[in-house]
1. Among the residues of the range 105-114, is there at least one that is without any contact (Cβ under 8 Å) to a residue 40 or more places away in the chain and among the β-branched types (V, I, T)?
2. Looking at F28 and the list (1) under 30 Å from G131 (Cα atoms); (2) over 51 Å from the mean Cα position of the chain (by Cα), which single condition is not satisfied?
3. Note down all Cβ pairs under 8 Å where the first residue falls in the range 131-158 and is free of Cβ contacts under 8 Å to residues at least 12 places away in the same chain, the second is loosely packed, with under 10 Cβ neighbours inside 10 Å and of a type in the set (F, W, Y), and they're at least six residues apart or on different chains.
4. Considering each of L145, L134 in turn, give the residue that is touching a helix residue (DSSP H, G or I) at 6+ places or on another chain (Cβ under 9 Å), in a strand (DSSP E or B) and in the same structural domain as E173 (by TED's automatic domain parsing).
5. Exactly one condition in (1) touching a Phe, Trp or Tyr at 6+ places or on another chain (Cβ under 8 Å); (2) modelled with pLDDT of 85 or more is false for A133; which is it?
6. Six or more apart or on different chains, Cβ atoms under 6 Å: show the pairs whose first residue is in the range 164-185 and assigned to a strand (DSSP E or B) and modelled with pLDDT of 85 or more and whose second is of a type in the set (V, I, T) and surrounded by 14 or more Cβ atoms within 10 Å (Cβ to Cβ).
7. Looking only at residues in the range 31-52 that are surrounded by 10 or more Cβ atoms within 10 Å (Cβ to Cβ) and of a type in the set (D, E, K, R), which one is farthest from the chain's Cα centre (by Cα)?
8. Quick one: is A113 small (G, A, S), modelled with pLDDT of 85 or more, surrounded by 10 or more Cβ atoms within 10 Å (Cβ to Cβ) and in a helix (DSSP H, G or I)?
Amino acid sequence: MLQNETIINWIGWPAVSAILFLIGTIVFFHVRNRLKLLKDRIEWFEQQNESTKDYRPDVLAQRLGERLRILSQEIVKLEAEQQVRALVIQQKEVEISQVKAEIEDLADKLLTAKDILKVISDRKLACPYCGAALVLHNFHTDSHLYQGSEVEFMHETSEYACGYKVIDGIITERCQNTSPDDFPQ
């Protein structure tokens, strides 16, 4: 105690009080900051404890069970969609086979039409300029006297709906559907 009295007498009571107040204030703030730090740590540990509750085996098993249920529902839904898609694909395949059959039928009809057109063209059953139908095709004979004997001549006449007329291979009337510039003289 003698030492304390010596210091007090040498400095004085107001200075000692100020120093003690300053030391007390520093210690107070230090303890308060330390307490705040400890409270923050406790709060962090409590949060960690709460978050570990989410990772308990029973909670994890429950979550995995829910995921399994959701995935199973999705699989059932996808299988149903796959069956619908398979049915649609099957219907489209039937449609494709029908269209292919129609194409083959049309190809056969086209070949038949080409053959008929060739026959018409070869037999001159259509106007060679506009394709109008043959309306008259006949053969007739003429008799003439030549040096005292009668001579018969056979003539072929073809008339078409467009007005085109050919007698014995000679054009006697031109096609009315063709311009005069396109028609041979």
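1. Yes, the range 105-114 has at least one match.
2. (1)
3. none
4. The conditions single out L134.
5. For A133, the exception is condition (2).
6. As it stands, the answer is I167/T157, since those pairs meet every condition given.
7. R32
8. It is false that A113 is small (G, A, S), modelled with pLDDT of 85 or more, surrounded by 10 or more Cβ atoms within 10 Å (Cβ to Cβ) and in a helix (DSSP H, G or I).
The values are calculated or read from the model by the stated rules, or taken from the named source; none is laboratory data. Keep in mind the model is a prediction, meaning the values are calculated, not measured. Backbone-built Cβ (ideal geometry, glycine too); neighbour counts: all protein chains shown.
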